[in-house]
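Below is one structure, written out as structure tokens, with a few remarks after it.
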Number of protein chains: 2
Amino acid sequence: MTTGIGNSPGRTSYRHGDLRRALIGAGVTLAQEGGPNAVVLREATRRVGVSPNAAYRHFADRQALLDAVCSHCQALVARAIEADQATVPPTDSIESARLRFRAVGTGYLRFALEEPGQFQTAFSASSDMESATSAARAGDSGFTPFQLLTLALDDLVAVGLLPAERRPATEFLAWSAVHGLAELFIDGPLRALPDSVKQDLITRVVDMVEQGL
Amino acid sequence: MTTGIGNSPGRTSYRHGDLRRALIGAGVTLAQEGGPNAVVLREATRRVGVSPNAAYRHFADRQALLDAVCSHCQALVARAIEADQATVPPTDSIESARLRFRAVGTGYLRFALEEPGQFQTAFSASSDMESATSAARAGDSGFTPFQLLTLALDDLVAVGLLPAERRPATEFLAWSAVHGLAELFIDGPLRALPDSVKQDLITRVVDMVEQGL
DNA sequence: ATCGAATGTGTACGTTGTACACATAATGAG
DNA sequence: CTCATTATGTGTACAACGTACACATTCGAT
């Protein structure tokens, strides 16, 4: 019975039905529990209820699985950003653009604090500029975290909050500041800071970026 | 023969003489070649010419070895910063303070580009605020990278370039921006950028920090 | 109905971290 | 100097991991 798609562990059918997706799901959970190093191929297959080698029908090797998990985690980051952006009121279009820009940073950092393992995995190795815009890493809006940042900056220029001549490469500056704080929070020296201090630092880093661009 | 201290691999004596230091050295080389994950206990012992278990007389486990390697790598970062700071002329004390502050960022990022594996290892896990000021991680001046940054900021306040009321927590803001760029360079999406663009981004990030504090 | 392609299993090997028992060298007390 | 103690290195062993190879089962097209 239950020969259909999406068999759970403990299935009776020989075929799984959707093993690739199931393995990625298990991998995302492992990433959540312990970061990229915890994404262990054998453990993923175990949780899905399949033999270790079954994974090789869907992924060339462990790294390929990790890459897929990484993409999935980046999509989660995108969703976190979108969620923060969704809260800004569309009253004033200038102030709105400013707040939507800030929401990229706060959403990014909120996710880093809420799901450190997945965040670390999202940006662990193997992502170059091409893959930073790949569809597998997009959120509900269809944009990757990097694209959401780029769009927010374009809007800043459009409403006149950022001079066009300063625009080039600003995504990398903004990203650096926010990503760096996330790293220092997660396994850097700021790990043990009380949450209120962390929240304050988030605000101040985004302030710095807004002022420093 | 050669029963003294500091036996090399291929030694004839039963005792090694300075195994702890030798293992850290091998670990630092491994870190240089492949980052924190390449710091493999058995490989370190192999390179030193000793049986795997000999390491356990000097380190509780692999993590303890990695921690020591990490400290050593942070000391290398400190030295890189000190080297950049040493190049600023002491003519104008105000301009000098400003340049010494910038040198913290440029030295940090230069090291990240020159020795990505060691840089990654230096800031991989297990360092909290106490250990960020531990002596094992200091450079020639006796200061850790974090302490060098703190001192540079204090100087900025002393010469009047940074208002005292803005001083608190600025080390974390500056560190975030610079550390984030380093991470994006090393295994983030900026990995494949041509070197000239990277150099430009370094300047612009330090500009942003200087302006945004 | 049958054959090939897709997908899962079983067995096996090399590597890693590490526990436990043992061997040997340095050191200090008599 | 002798000898016991302590520090340090070795040998064997085991579980877990990634993954190669051969085999089994099922799906789909003819």
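The values are calculated or read from the model by the stated rules, or taken from the named source; none is laboratory data. Computed from a predicted model, the values in this text were never measured in an experiment. Positions of Cβ are generated from backbone atoms using ideal geometry, with glycine treated the same way; all protein chains shown enter the neighbour counts. Each accessible area value is taken on the protein alone, full model and side chains, heavy atoms only, with ligands, DNA and RNA left out. Shrake-Rupley method; radii C 1.70, N 1.55, O 1.52, S 1.80 Å.
Which one of these does B:Asp154 not meet: (1) part of a loop (DSSP other than H, G, I, E, B); (2) modelled with pLDDT of 95 or more; (3) open to solvent by 30 Å² or more (accessible area, probe 1.4 Å)? The single condition B:Asp154 does not satisfy is (1). Residues in the stretch A:165-177 that are at the interface with chain B (Cβ under 7 Å from one of its Cβ atoms) and either of a type outside the set (Phe, Trp, Tyr) or touching a Ser or Thr at 6+ places or on another chain (Cβ under 8 Å) (or both): A:Ala169, A:Leu173, A:Ser176, A:Ala177.
So if I check each of B:Val50, B:Val77, B:Val88, B:Val39, which one is closer than 15 Å to B:Ile24 by Cβ and within 24 Å of the chain's Cα centre (by Cα)? I'd like the intermediate steps shown before the answer.
Working: B:Val50 fails: within 24 Å of the chain's Cα centre (by Cα); B:Val77 fails: closer than 15 Å to B:Ile24 by Cβ; B:Val88 fails: closer than 15 Å to B:Ile24 by Cβ.
When all the criteria are applied, what remains is B:Val39.
In the stretch B:32-66, of all residues being without any contact (Cβ under 8 Å) to a residue 60 or more places away in the chain and surrounded by 19 or more Cβ atoms within 10 Å (Cβ to Cβ), the one that is nearest to DNA strand C (Cβ to nearest atom) corresponds to B:Leu41. Restricting the first member to the stretch B:186-200 and to residues that are within 10 Å of another protein chain (Cβ to nearest Cβ), and the second to residues that are in a loop (DSSP other than H, G, I, E, B) and acidic (Asp, Glu), the beta-carbon pairs closer than 7 Å and six or more apart or on different chains are B:Pro189/A:Asp128; B:Arg191/A:Asp128; B:Ala192/A:Asp128. Against the list (1) of a type in the set (Val, Ile, Thr); (2) free of Cβ contacts under 8 Å to residues at least 12 places away in the same chain; (3) not assigned by TED's automatic domain parsing to the domain that holds B:Val206, the condition B:Thr91 fails is (3). Residues being surrounded by fewer than 20 Cβ atoms within 10 Å (Cβ to Cβ) and either more than 15 Å from DNA strand D (Cβ to nearest atom) or farther than 25 Å from B:Asp187 by Cβ (or both): count how many of those fall in the stretch B:20-31. Within the stretch B:20-31, residues that are surrounded by fewer than 20 Cβ atoms within 10 Å (Cβ to Cβ) and either more than 15 Å from DNA strand D (Cβ to nearest atom) or farther than 25 Å from B:Asp187 by Cβ (or both) number 3. What about B:His58, is it modelled with pLDDT of 95 or more, under 25 Å from B:Leu19 (Cβ atoms) and more than 16 Å from DNA strand D (Cβ to nearest atom)? So B:His58 does not fit the description; no. Every condition in (1) surrounded by 14 or more Cβ atoms within 10 Å (Cβ to Cβ); (2) more than 16 Å from the chain's Cα centre (by Cα); (3) farther than 25 Å from A:Gln199 by Cβ; (4) not acidic (Asp, Glu) holds for A:Thr133 except the one numbered (2). For the stretch B:89-111, the criterion of being under 29 Å from B:Leu156 (Cβ atoms), in contact with a Phe, Trp or Tyr (Cβ under 7 Å, 6 or more places away or on another chain) and modelled with pLDDT of 95 or more is met by at least one residue. Do we find a residue being over 24 Å from A:Glu165 (Cβ atoms), β-branched (Val, Ile, Thr) and part of a helix (DSSP H, G or I) anywhere in the stretch B:199-213? No, every residue in the stretch B:199-213 fails to be over 24 Å from A:Glu165 (Cβ atoms), β-branched (Val, Ile, Thr) and part of a helix (DSSP H, G or I).
A:Gln74 passes every criterion in (1) away from DNA strand D (no atom under 11 Å from the Cβ); (2) on the phi < 0 side of the Ramachandran plot; (3) free of Cβ contacts under 8 Å to residues at least 60 places away in the same chain apart from (3). Of all residues in the stretch B:158-179, those satisfying the criterion of being without any contact (Cβ under 8 Å) to a residue 24 or more places away in the chain, touching a helix residue (DSSP H, G or I) at 6+ places or on another chain (Cβ under 9 Å) and either part of a loop (DSSP other than H, G, I, E, B) or within 19 Å of A:Gln74 (Cα to Cα) (or both) are B:Pro163, B:Arg167, B:Ala169.
For A:Ala182, the stated conditions do not hold, so it cannot be described as touching an Asp or Glu at 6+ places or on another chain (Cβ under 7 Å) and either part of a helix (DSSP H, G or I) or facing chain B (nearest Cβ under 7 Å) (or both).
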